[in-house]
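Chemist: Encoded as structure tokens, here's the structure I'll be asking about.
The values are calculated or read from the model by the stated rules, or taken from the named source; none is laboratory data. Please read these numbers as outputs of a predicted model, since none were measured by experiment. All Cβ positions, glycine included, derive from the backbone under ideal geometry; neighbour counts span all protein chains shown.
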């Protein structure tokens with residue numbers, strides 16, 4: 001699971017850096033909604049630049065959710081990241 005979390009962090013940082021280098025900042029939402037926030041906040045002319053990373057990020061986020069829902073401790077409580 002750490003591999004997915006690492007990929008998530010790296011992808012978010014790359015999106016932020018890319019947009020910052022283009023003169024745009026991004027709000028700091030939760031990791032689960034980051035890709036959705038960027039899609040709604042980014043100017044249309046920047047979207048083609050970050051869209052591939054956002055697609056990967058959405059997939060990684062979904063994988064993390066699935067893995068977390070499948071991993072419960074003995075008391076039945078989901079493990080936190």
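Chemist: Kindly indicate whether any position in the stretch 43-50 is without any contact (Cβ under 8 Å) to a residue 12 or more places away in the chain and touching a helix residue (DSSP H, G or I) at 6+ places or on another chain (Cβ under 9 Å).
Modeler: yes
Chemist: When the residues of the stretch 8-21 are narrowed to those that are surrounded by fewer than 17 Cβ atoms within 10 Å (Cβ to Cβ) and in contact with a helix residue (DSSP H, G or I) (Cβ under 7 Å, 6 or more places away or on another chain), which ends up nearest to residue 42 (Cα to Cα)?
Modeler: Our first condition is that a residue be surrounded by fewer than 17 Cβ atoms within 10 Å (Cβ to Cβ); within the stretch 8-21, this holds for 9-10, 13-14, 17-18, 20-21.
Remaining after also requiring in contact with a helix residue (DSSP H, G or I) (Cβ under 7 Å, 6 or more places away or on another chain): 14, 18.
Working: 14: 14, 18: 11 Å.
The extreme case among them is 18.
Chemist: Can you give me the ranges of the helices (runs of 4 or more DSSP H) entirely in the chain with at least 1 residues that are modelled with pLDDT of 90 or more and on the phi < 0 side of the Ramachandran plot?
Modeler: By residue number, 2-21, 47-70.
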